[in-house]
Amino acid sequence: MATPTALTFALVVVETAPVGRLRDIHSVPAAAEMLLFQWPYEGRGAAYRTALRSCLAALEGKSTGATARDTFIAAAQESGVFIREGEGGPTLRSRATPGTRHSRRRVLAPPARASRIARTSGA
């Protein structure tokens, strides 16, 4: 089995099944969990299968976290759930028009506004 530090990687942000909900993926176990339990069924194509095999191989110590991350991003792009990659976690705020059915949808906000948004939204 791989060491815990070998299983972490740079942040990847994806959208989960409840549309508008974002999830930070920063490790092989988190990527494997997302692939196994939260991946959209219609997005389970060739890139999905490659990513799943790569994550499982990394968990067994037969591959690297970097390879698992790269294949996870490819699967996310193929299935349309990829949001972004980079440093630091996302801050969530509403993006839909108030009063509409989906007015609680969330999107990324600039990190500098994180504490102010948390105080005003009651989070």
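The values are calculated or read from the model by the stated rules, or taken from the named source; none is laboratory data. None of these values were measured; they are calculated from a predicted model. Note: ideal-geometry Cβ built from the backbone for every residue, glycine included; neighbour counts use all protein chains shown.
Summary table
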{"quantity": "Residue identified as surrounded by fewer than 16 Cβ atoms within 10 Å (Cβ to Cβ) and at pLDDT 95 or above among Ala17, Ala46, Ala30", "calculated": "Ala46"}
{"quantity": "The range 33-43, subset crowded, with 17+ Cβ neighbours inside 10 Å and more than 13 Å from Gly80 (Cβ to Cβ), residue farthest from the chain's Cα centre (by Cα)", "calculated": "Leu35"}
